[in-house]
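Asks: Here it is: the structure, laid out below.
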Amino acid sequence: MRSNHLLIKPTPWDTSALKMPTWEILEYSIDALCLMKENPGHYTLKVNPLANKSLLHGHGFYYCDTLLEPYCNLIMLRQFNHPEVSISKAHLNKEAILRICDHAFTHGRFHRDFNIDNDLADHRYLQWLEELFTAQKVYGLFWRKELAGFIAYSENSLVLHALSKKFRGKSLSKYWWSLVCQELLLSDKANDITSSISASNLAALNLYSSLGFVFRKSYDVYHRIVI
């Protein structure tokens, strides 16, 4: 059997939010799945959608989501501008940002996991956003001078984003996303930009497509809880 740390790894950021040990399986193999018996907790495994899932089902895993990876660079990016739309990382009110985040991620895989309480799933995203805010990796999205939402990033990936209810469905997202992508790509921090979105999130799919992103990877996400 290969070294354990090459097969599974703990995910302490999820552990603190979900109030149980959490793990990610790094390799879809019988050796990795057998390690679950030694380490109780919540497990995540991401596999190619075309992979044979019989081994997963035989070990008690259940399907949660399919994730897609949008990808774009400066040449591909379609730029949209609006005189009333702006972005800023300066002087953001953390509590206002967290209020927008609360209950905003219903497409998340932990919300779709029937073994996880929705309040714990919400707490996971709030905790993650607070860490990104502390690291100054959150853009505020403004309509005129009013905070309308946020986009948080890690390295070259847009990892969390949401609009307040007042600004959803108004065809404004492409302007904010365009500005954030331009700034990141022109800042020498990234040659390209990626994200990860649920295949069920049609609004996000259409948004990224409108900006010139292409989808280059996909994963089926399976979970299991070992007691």
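Asks: Just checking, does the range 79-97 include any residue being within 19 Å of the chain's Cα centre (by Cα), within 25 Å of Tyr208 (Cα to Cα) and outside the structural domain of Cys181 (by TED's automatic domain parsing)?
Replies: Taking the range 79-97 and keeping what is within 19 Å of the chain's Cα centre (by Cα), we get 97.
Filter again for within 25 Å of Tyr208 (Cα to Cα), leaving 97.
Filter once more, keeping what is outside the structural domain of Cys181 (by TED's automatic domain parsing): none.
Among the residues of the range 79-97, not one is within 19 Å of the chain's Cα centre (by Cα), within 25 Å of Tyr208 (Cα to Cα) and outside the structural domain of Cys181 (by TED's automatic domain parsing), which makes the answer no.
Asks: When you look at Ala32, is it outside the structural domain of Ser171 (by TED's automatic domain parsing) and surrounded by fewer than 13 Cβ atoms within 10 Å (Cβ to Cβ), yes or no? Don't jump to the end; show me each part of the working.
Replies: On the way: outside the structural domain of Ser171 (by TED's automatic domain parsing): yes; surrounded by fewer than 13 Cβ atoms within 10 Å (Cβ to Cβ): no.
Considered against the rule, which asks whether it is outside the structural domain of Ser171 (by TED's automatic domain parsing) and surrounded by fewer than 13 Cβ atoms within 10 Å (Cβ to Cβ), Ala32 comes out as no.
Asks: Let me ask something else about it. What pairs come out if I take residues in the range 212-227 that are under 22 Å from Phe61 (Cα atoms) and pair them with residues that are surrounded by fewer than 19 Cβ atoms within 10 Å (Cβ to Cβ) and of a type in the set (Gly, Ala, Ser) whose C-beta lies under 6 Å away, six or more apart or interchain?
Replies: Hits for this filter: Arg224/Gly60.
Asks: Quick one: would you say Ile97 is over 20 Å from Ala203 (Cα atoms), surrounded by 16 or more Cβ atoms within 10 Å (Cβ to Cβ) and touching an Asp or Glu at 6+ places or on another chain (Cβ under 8 Å)? Before the answer, list the steps.
Replies: Working: over 20 Å from Ala203 (Cα atoms): yes; surrounded by 16 or more Cβ atoms within 10 Å (Cβ to Cβ): yes; touching an Asp or Glu at 6+ places or on another chain (Cβ under 8 Å): no.
Judged against the criteria, Ile97 is not a match.
Asks: Go through the range 27-55 and give me each residue that's of a type in the set (A, V, I, L, M, F, W, C) and under 27 Å from Asp122 (Cβ atoms). Write out each step before concluding.
Replies: Of all residues in the range 27-55, those of a type in the set (A, V, I, L, M, F, W, C) come to 30, 32-36, 45, 47, 50-51, 55.
Matches in the range 27-55: Met36, Leu45, Val47.
Asks: For the range 184-200, indicate whether the set of residues that are of a type outside the set (D, E, K, R), assigned to a helix (DSSP H, G or I) and either in contact with a Lys or Arg (Cβ under 9 Å, 6 or more places away or on another chain) or crowded, with 17+ Cβ neighbours inside 10 Å (or both) is non-empty. Steps first, please.
Replies: Kept after step one, since they are of a type outside the set (D, E, K, R), are these residues of the range 184-200: 184-187, 190-191, 193-200.
Narrowing the set further to residues that are assigned to a helix (DSSP H, G or I) leaves 184-186.
Of the ones still in play, those that are also either in contact with a Lys or Arg (Cβ under 9 Å, 6 or more places away or on another chain) or crowded, with 17+ Cβ neighbours inside 10 Å (or both) are 184-185.
Within the range 184-200 (the criterion being of a type outside the set (D, E, K, R), assigned to a helix (DSSP H, G or I) and either in contact with a Lys or Arg (Cβ under 9 Å, 6 or more places away or on another chain) or crowded, with 17+ Cβ neighbours inside 10 Å (or both)), the answer is yes, since at least one residue qualifies.
Asks: Kindly list the number of the only condition in (1) under 21 Å from the mean Cα position of the chain (by Cα); (2) in contact (Cβ under 8 Å) with a residue 40 or more places away in the chain that fails for Asp102.
Replies: (2)
Asks: Just name the residue that is modelled with the lowest pLDDT out of those in the range 33-58 that are more than 16 Å from Leu6 (Cβ to Cβ) and assigned to a helix (DSSP H, G or I).
Replies: Out of the qualifying residues, it is Lys37.
Asks: While we're here: Give the residues of the range 165-183 that are surrounded by fewer than 18 Cβ atoms within 10 Å (Cβ to Cβ) and touching a residue at least 40 places away in the same chain (Cβ under 8 Å), sorted by residue number.
Replies: Residues satisfying the conditions are Gln182, Glu183.
Asks: Go through Asp192, Asp220 for me and flag whichever is of a type in the set (Asp, Glu) and in contact with a Ser or Thr (Cβ under 6 Å, 6 or more places away or on another chain).
Replies: Details: Asp192 fails: in contact with a Ser or Thr (Cβ under 6 Å, 6 or more places away or on another chain).
On inspection, the qualifying residue turns out to be Asp220.
Asks: Could you check, for the range 134-155, whether at least one of its residues is part of a helix (DSSP H, G or I) and of a type outside the set (Gly, Ala, Ser)? Spell out the reasoning first.
Replies: Filtering the range 134-155 down to residues part of a helix (DSSP H, G or I) leaves 134.
Narrowing further to those that are of a type outside the set (Gly, Ala, Ser): 134.
Scanning the range 134-155 turns up at least one residue that is part of a helix (DSSP H, G or I) and of a type outside the set (Gly, Ala, Ser).
Asks: I need every pair where a residue in the range 112-138 that is at pLDDT 95 or above has its Cβ under 7 Å from the Cβ of a residue that is surrounded by 15 or more Cβ atoms within 10 Å (Cβ to Cβ) and of a type in the set (Ser, Thr, Tyr), sequence separation at least 6 or different chains.
Replies: Listed by first residue and then by second, the contacts come to Lys137/Tyr153.
Asks: Since Tyr222 meets every condition but one in (1) touching a helix residue (DSSP H, G or I) at 6+ places or on another chain (Cβ under 6 Å); (2) assigned to a loop (DSSP other than H, G, I, E, B), which condition does it not meet?
Replies: Going through the list (1) touching a helix residue (DSSP H, G or I) at 6+ places or on another chain (Cβ under 6 Å); (2) assigned to a loop (DSSP other than H, G, I, E, B), Tyr222 breaks only (2).
Asks: For the range 13-32, what are the residues that are assigned to a helix (DSSP H, G or I), over 12 Å from Leu55 (Cβ atoms) and touching a helix residue (DSSP H, G or I) at 6+ places or on another chain (Cβ under 8 Å)?
Replies: Applying the first criterion (assigned to a helix (DSSP H, G or I)) to the range 13-32 yields 13-18, 30-32.
Next, only the ones that are over 12 Å from Leu55 (Cβ atoms) stay: 13-18.
Correct list: Trp13, Asp14, Ser16, Ala17, Leu18.
The values are calculated or read from the model by the stated rules, or taken from the named source; none is laboratory data. Keep in mind it's a predicted model, so treat the numbers as computed, not measured. Every residue, glycine among them, receives a Cβ derived from its backbone with ideal geometry; neighbour counts consider all protein chains shown.
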